[in-house]
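Engineer: Encoded as structure tokens, here's the structure I'll be asking about.
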Amino acid sequence: MRVLFIVVIMFSLLLTGCWGSSEIDTLAINVAIGLDKAGDKCKVSSQIINPRAIAVGENANESPVILFEKEGVDIDEAMLKMTSKSSRKLFNLHLRMLVISEEVARRGIKNVVEYFLRNNEYRGMEAIFLPPMQ
């Protein structure tokens, strides 16, 4: 019984902590993604929050978002290239909007929607489908 108590105390001391956490100043918070076709490649555009522009009383002339655009064979490759372009780690858990071009939608959105729903870097997103603008 005493050994069990010592083991429980040791595990509780050794297995605590936040080693998987990231500081907010090291993240690039992604709020919107746009998907388009560029020839036979996939073009991904991302809106990243600009923390300097939304800081209280500082840099009122800057845009509140930064736009990154990259092309790749698929969404994963384009996002990987985008991560290498950014000085911060892309944080996709606050994604609020996914815009799909008409060309991509005509080819089918099943794989696109499945990618975003099954990927653990994105939280469950609510789907709102709007008709194309005339």
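Engineer: Counting only residues that are modelled with pLDDT of 85 or more and either among the acidic types (Asp, Glu) or on the phi > 0 side of the Ramachandran plot (or both), how many does region 67-119 have?
Structural biologist: The qualifying residues number 8.
Engineer: Let me ask something else about it. Got a sec? Which strands (runs of 3 or more DSSP E) wholly within region 49-105 have at least 2 residues that are within 16 Å of residue 116 (Cβ to Cβ) and in contact with a helix residue (DSSP H, G or I) (Cβ under 7 Å, 6 or more places away or on another chain)? So that I can check it myself, show each step before the final result.
Structural biologist: On the way: elements: 65-72, 89-91, 97-100.
Because the criterion is at least 2 residues that are within 16 Å of residue 116 (Cβ to Cβ) and in contact with a helix residue (DSSP H, G or I) (Cβ under 7 Å, 6 or more places away or on another chain), the strands (runs of 3 or more DSSP E) in region 49-105 that meet it are 97-100.
Engineer: Here is a further query. Restricting to region 63-78, what's the tally of residues that are closer than 15 Å to residue 27 by Cα and open to solvent by less than 60 Å² (accessible area, probe 1.4 Å)?
Structural biologist: 2
Engineer: Consider residue 10 carefully, then state whether it is closer than 15 Å to residue 121 by Cβ and assigned to a helix (DSSP H, G or I). Write out each step before concluding.
Structural biologist: Details: closer than 15 Å to residue 121 by Cβ: no; assigned to a helix (DSSP H, G or I): yes.
The answer is no for residue 10.
Engineer: Further, regarding this structure: Might you check whether a residue that is closer than 26 Å to residue 94 by Cβ and surrounded by 11 or more Cβ atoms within 10 Å (Cβ to Cβ) occurs anywhere in region 9-25? Even if it seems obvious, please write down each step before you answer.
Structural biologist: So the first thing to find is which residues in region 9-25 are closer than 26 Å to residue 94 by Cβ, and the list is 17-25.
Restricting the remaining residues to those that are surrounded by 11 or more Cβ atoms within 10 Å (Cβ to Cβ) gives 22.
Yes: one or more hits.
Engineer: Here's another thing I want to ask about it. For region 84-109, name all the residues that are surrounded by 15 or more Cβ atoms within 10 Å (Cβ to Cβ) and without any contact (Cβ under 8 Å) to a residue 60 or more places away in the chain.
Structural biologist: Once the filter is applied, which keeps residues that are surrounded by 15 or more Cβ atoms within 10 Å (Cβ to Cβ) and without any contact (Cβ under 8 Å) to a residue 60 or more places away in the chain, region 84-109 yields 86, 109.
Engineer: Further question on the same structure: What pairs come out if I take residues in region 14-32 that are modelled with pLDDT under 70 and pair them with residues that are of a type in the set (Asp, Glu) whose C-beta lies under 8 Å away, six or more apart or interchain?
Structural biologist: Final answer for the pair search is none.
Engineer: Another question, then. In region 36-47, is there at least one residue being outside any helix (DSSP H, G or I), at pLDDT 85 or above, exposed (fewer than 10 other Cβ atoms within 10 Å of the Cβ) and not polar (S, T, N, Q)? Let's see the steps before the verdict.
Structural biologist: Here is the first cut: in region 36-47, the residues outside any helix (DSSP H, G or I) are 36-47.
Retained after the next criterion (residues that are at pLDDT 85 or above): 36-47.
Checking the rest, the ones that are also exposed (fewer than 10 other Cβ atoms within 10 Å of the Cβ) come to 39-40.
Next, only the ones that are not polar (S, T, N, Q) stay: 39-40.
Yes, some residue in region 36-47 is outside any helix (DSSP H, G or I), at pLDDT 85 or above, exposed (fewer than 10 other Cβ atoms within 10 Å of the Cβ) and not polar (S, T, N, Q).
The values are calculated or read from the model by the stated rules, or taken from the named source; none is laboratory data. Remember, predicted model here, so these are calculated numbers, not experimental data. Neighbour counts are summed over all protein chains in view; Cβ atoms, including those assigned to glycine, are modelled from backbone coordinates with ideal geometry. Quick note on the areas: whole protein, heavy atoms, side chains included, nothing else; ligands and nucleic acids left out. Shrake-Rupley method; radii C 1.70, N 1.55, O 1.52, S 1.80 Å.
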